[in-house]
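> Following this message is one structure expressed as structure tokens.
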Amino acid sequence: MVPPAIEISGVTRRFGSLIAVQRLSLHVEKGEIFALVGPDGAGKTTLMRLVCGALAMNEGTLRVDGLDLALQTAEVQASVGYMPQRFSLYPDLSVMENLRFYGAIFGVSRAEFGRRATTLLADFALTDFGDRLADDLSGGMKQKLALACTLIHSPSTILLDEPTAGVDPVSRREFWRILYRINAGGTTIFVSTPYMDEAERAKRVGFIARGTLLSCGTPAELKSHLTGEVVEITSRERGDVRRNLRDEPLVRSIEIFGDVLHALVPSADAAIPAMRSRLAAANVSDAVFRTIPPSLEDAFVARLQT
Amino acid sequence: MNGSAAPTIRADALTKRFGDFVAVSDVSFEIRAGEIWGFLGPNGAGKSTTIRMLCGVLSPTSGSAEVLGFDVARDPEEVKLRIGYMAQGSSLWNDLSVQEHLRFYAGLFGLAGTKREDAISHWLKRLDLYGQRARLAGTLSGGYRKRLALACTLLHEPQMVFLDEPTSGVDPLSRREFWDIIVALAEAGTTVLVTTHYLDEAEHCNDLALIYDGKIVASGTPESLKRDARNGITAEILSPDTVRVLDAIETQPFVASAGLYGSALHVCIRERDGLDRLSQFLQEHAIPVDSIAQVTPSLEDVFASLVGKR
Amino acid sequence: MNWGRVWTIAAKEFTQFFRDHRTVGATVLMPILQVILYGYLSSDIKHQPTIAWDLSQTAESRQFLDALTNSQYFSITFRAQSMRDVVRHIDDGQALAGIVIPPDYATLLHRKQQPQVMVAVDASDATAAQTALSVAEAVGTNISHTLQIQQLRLQGANIPRIGVDVRARAWYNPGLRQEVFIVPGVLALVMQFTMTFLSMSTIVRERELGTLEQLIVSPIRSSELMLGKMIPIMTIGYINVTMILLFAVFWFGVPVAGSVVFLYLTVFVFFFTTVGLGTFVSTIAKTYIQAIQLIQFFLLPSMLLSGFIFPVDAMPKVMQWLAYLVPLTYFLAIVRGIIIKGVGIDYLWPQVLMLLAFGMVVFTTAVLRFRKRID
């Protein structure tokens, strides 16, 4: 049997009295895209750093491709690519020089580097910018260059810590296409993201909060774990609707969701009439109710609130 | 309030050049009192530069701007007294505590005594910072840093606030809290200019403007932008292999833009009969598809079709 | 000017300063460390370890060596048995000087011929070597004079004990103590270094952090911001001055001859130059590292030119002109004047005036440039 790409078992990391990661176990299968989602300070970055060996853990074991990180650190690090949240490109080096630097660090041979760099630059549409200084690239292009640097030594697994935070939607779409392409080439991707629509694109998703894994599964599985139903409410007076329904006992939570509201209720059949009468009493008459399949964000919010 | 329809902000042909580079080119718009005005666009399109000109941090190369009735170039100090600005990057002192930050800003804006303490404790509680008040800003996580920056911006009850990516790096749950506050501010009469990369957030805005390459390329309410016929029709494709579909259709002339949308694929098509041509094309090339349906475009689709293929 | 806002800035700066224990430590310890280092290192020209190879082994040769020891500049720490001994000790750095007295020293003296004493000095430290050589020469001359007189007397000549008794008097510093000279120099140097550095870093750091932009959007005026930042820096400056003076008086026993109040006033004048310079650099530099490099460009030459190490009067003409373009030169003259000579404004007004002029020019330029950066 093929060992998982990443196997985290009972890992704990403390910073003084703060427990950043607490007896956390999860595994990432070979060749999958696994997305880690959680609030700020949940321990996402700490977990990433533990997996790439940048931080030492206090307890537990970590295996990458079956190799024990604690015992075979060098081998593990050679097969892993890590892109931290603020990836350190050298702004005063050109695109090619940045790549060459990271290639040299990982001991990529000259011939291999040539092949690899050409492919990566072509795949990332950066071929024409080889001589440009990293500082002069746009935000989306910097992100792509950082990813290229992470991939220069052909790692079998890459760890990406919020790679698209602060990137505009179009660049994000493009970035994810590249991720899919890399993944199709066999690379395992372990990515953290604050964007729920991105998590939706992953094969499996882990919800993390306060250093522990809350739940883990495919997006469909996670949504099915949600007990209760989601009612979508369309109204011009979103704020009023939310205020009036927040105290309704049959509504577990109600949140604005783009241009509509999502109410999480134990049963739609019971809750919709109750909500309707409340809104009528508050003179909100344009509300339209519809039961919808839950989104990943619904599942996440519900899981966090329990 | 003079109660008239005088806009809170009037930008008139604002232009900013840095050397040869035109960061903002001939940008004009108006923002009415009490509205949430969303400013969208890719990184480097000119959003922050425009905001900086409106706040009096940068002087425009040409054009003018009026904020709360004052000319920014002539009376920058009058403007600065009445606005709140939350910059995109970090703007905190790592070696000062949460409470010290708030005291500092209170001092800058002349709040003192019980007024100061009331304002500080109000925002500490409202932004869930009370438990963190003695912590140094340098030890806070990204989301809490944003909370603190927002508290510092709102402490002196500005009539107009500029929020440059207030929610970037903030988790989904906290983002909702932020937007609760923003909506409440607007309802209380504060005018809000906000930029964001989360287009679901942009739906909260009364008005939107999309900036690209320093020029405003589209503006209007979220609904009108989505309805705008010029943006064509949007199809949602579900497929076991979305990337393959994407690779195949992307280069087709009838496709205006295509991209991953969650786990699905959204395709913008300019022509009316585009949907038929799309299904025909996929059938001809034997690309497996679970379903194709026309959907209301999301703001992200609008954004992509305006910006993506240029 | 809104003093509430000025105080808000000052209070923040104080909080940040005292929060960083390392900065506090460095700011407090550096002046003391400098005084100790300069004070002790430079007074060490006395009691130089010396190796003597006395081949004569006579009362006469011992007299010569005693005279060397009595000068306090030499202390005969080693006795050599061979020339190799002498060379080795000097090579090793164990001895600074080697004295070789020839076997015929006493004999030659009695024959009224000139014996040659060899004095070898390790001249890697030119100052110490120069001092040692001149002292040795003086000792030699002195001895031969005494001997000549003795000889003449023995020959029956009547030499009255009159004549000119030349005594060099070192004014202001009768003990020729290096500490007395060094303390005011260190005071001026520390002032320049600390003040320039602090004012530079507080602004560059704010720019790097992104907080400067936030301040620019607030109602604060640039003059209020500058003033708010200057108050803590001046306070720290005065703490430094006071510490150095206390240390000088109670540790080294160096008295302050002139008026302390006048000294503190001139320190205030000097602030404008240093804070202005720091601010000016911070408007040019984009990053902290850049600022440090830029400031070194100024600090190092100004230390060399100011007369702290080499006396300005002894410099070549061109260097002297350059020295007069360095504000530290004037401040150094003022501080030395007050502490060592005890003179006041009646003597020092030209230097104070020059310093004031420098301060105004540098400070105004800095404020103007700073305002430009805000726009």
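> So residue B:248 fits all but one of (1) among the small types (Gly, Ala, Ser); (2) part of a strand (DSSP E or B); (3) closer than 28 Å to residue A:220 by Cβ; what number is the exception?
(2)
> Moving on. Condition first: over 30 Å from residue B:70 (Cβ atoms) and charged (D, E, K, R). Can you find one or more residues in the stretch B:101-116 that meet it?
No, every residue in the stretch B:101-116 fails to be over 30 Å from residue B:70 (Cβ atoms) and charged (D, E, K, R).
> Follow-up question, since we're still on this one. Consider only pairs whose beta carbons are under 7 Å apart and that are at least six residues apart or on different chains; among these, list those whose first residue lies in the stretch A:154-168 and is at pLDDT below 90 and whose second residue is of a type in the set (Asp, Glu) and in a loop (DSSP other than H, G, I, E, B).
A:166/B:165
> Pick from the stretch B:5-31 the residues that are within 20 Å of the chain's Cα centre (by Cα) and of a type in the set (A, V, I, L, M, F, W, C): which of them is nearest to residue B:67 (Cα to Cα)?
That would be B:9.
Table: residues versus (1) modelled with pLDDT of 95 or more; (2) closer than 25 Å to residue B:168 by Cβ; (3) over 20 Å from the mean Cα position of the chain (by Cα).
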residue: A:18; (1), (2), (3): no, yes, yes
residue: A:21; (1), (2), (3): no, yes, no
residue: A:42; (1), (2), (3): no, yes, no
residue: A:51; (1), (2), (3): no, yes, no
residue: A:56; (1), (2), (3): no, no, yes
residue: A:64; (1), (2), (3): no, no, no
residue: A:67; (1), (2), (3): no, no, yes
residue: A:70; (1), (2), (3): no, no, yes
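> Restricting the search to the stretch B:4-31, which residues are hydrophobic (A, V, I, L, M, F, W, C) and surrounded by 15 or more Cβ atoms within 10 Å (Cβ to Cβ)?
Passing the criteria: B:9, B:11, B:14, B:22, B:23, B:24, B:27, B:29, B:31.
> Condition first: at pLDDT 90 or above and within 11 Å of chain A (Cβ to nearest Cβ). Now tell me which residues in the stretch B:185-201 satisfy that.
Answer for the stretch B:185-201, where residues must be at pLDDT 90 or above and within 11 Å of chain A (Cβ to nearest Cβ): B:186, B:195, B:196.
> In the stretch C:7-20, is there at least one residue being within 14 Å of chain B (Cβ to nearest Cβ), closer than 30 Å to residue B:107 by Cα, among the charged types (D, E, K, R) and not in a helix (DSSP H, G or I)?
For the stretch C:7-20, residues within 14 Å of chain B (Cβ to nearest Cβ), closer than 30 Å to residue B:107 by Cα, among the charged types (D, E, K, R) and not in a helix (DSSP H, G or I): present.
> Ok, one more. Here are A:115, A:86: which of them is within 27 Å of the chain's Cα centre (by Cα) and exposed (fewer than 15 other Cβ atoms within 10 Å of the Cβ)?
Matching residue, one of A:115, A:86: A:86.
> Tell me yes or no: at least one residue of the stretch B:288-308 is part of a loop (DSSP other than H, G, I, E, B), under 26 Å from residue B:175 (Cα atoms) and hydrophobic (A, V, I, L, M, F, W, C).
Looking for residues that are part of a loop (DSSP other than H, G, I, E, B), under 26 Å from residue B:175 (Cα atoms) and hydrophobic (A, V, I, L, M, F, W, C), one finds none in the stretch B:288-308, hence no.
> In this structure, does residue A:235 turn out to be free of Cβ contacts under 8 Å to residues at least 40 places away in the same chain and more than 29 Å from the chain's Cα centre (by Cα)?
no
> While we're looking at this one, here's another question. Output the residues belonging to the stretch B:55-88 that are more than 10 Å from chain C (Cβ to nearest Cβ), of a type outside the set (Val, Ile, Thr) and closer than 27 Å to residue B:106 by Cβ.
Scanning the stretch B:55-88 gives B:68, B:69, B:70, B:75.
> Something else now. Can you find even one residue in the stretch C:219-227 that is away from every other protein chain (no Cβ under 14 Å), hydroxyl-bearing (Ser, Thr, Tyr) and either crowded, with 23+ Cβ neighbours inside 10 Å or assigned to a helix (DSSP H, G or I) (or both)?
The answer is no; no qualifying residue exists.
> I've got another one for you. Would you call residue C:345 over 20 Å from residue C:194 (Cα atoms), assigned by TED's automatic domain parsing to the domain that holds residue C:233 and in contact (Cβ under 8 Å) with a residue 60 or more places away in the chain?
yes
> Is there a residue being loosely packed, with under 13 Cβ neighbours inside 10 Å, modelled with pLDDT of 80 or more and not in a helix (DSSP H, G or I) anywhere in the stretch C:40-58?
Yes: the stretch C:40-58 contains one or more residues that are loosely packed, with under 13 Cβ neighbours inside 10 Å, modelled with pLDDT of 80 or more and not in a helix (DSSP H, G or I).
Yes/no matrix, rows are residues, columns are (1) away from chain A (no Cβ under 12 Å); (2) over 19 Å from residue A:256 (Cβ atoms); (3) touching a strand residue (DSSP E or B) at 6+ places or on another chain (Cβ under 7 Å):
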residue	(1), (2), (3)
B:123	yes, yes, no
B:140	no, yes, no
B:145	no, yes, no
B:153	yes, yes, yes
B:162	yes, yes, yes
B:170	no, no, no
B:178	no, no, no
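> Please specify each residue of the stretch C:190-200 satisfying the condition of being surrounded by fewer than 23 Cβ atoms within 10 Å (Cβ to Cβ) and under 13 Å from residue C:335 (Cα atoms).
C:190
> Every residue in the stretch A:276-290 that is surrounded by 18 or more Cβ atoms within 10 Å (Cβ to Cβ) and under 11 Å from residue A:237 (Cα atoms), please.
Selection gives A:279, A:284, A:287.
The values are calculated or read from the model by the stated rules, or taken from the named source; none is laboratory data. All values derive from a computational prediction rather than experimental measurement. Reconstructed Cβ throughout: ideal geometry from the backbone, glycine too, with neighbour counts over all protein chains shown.
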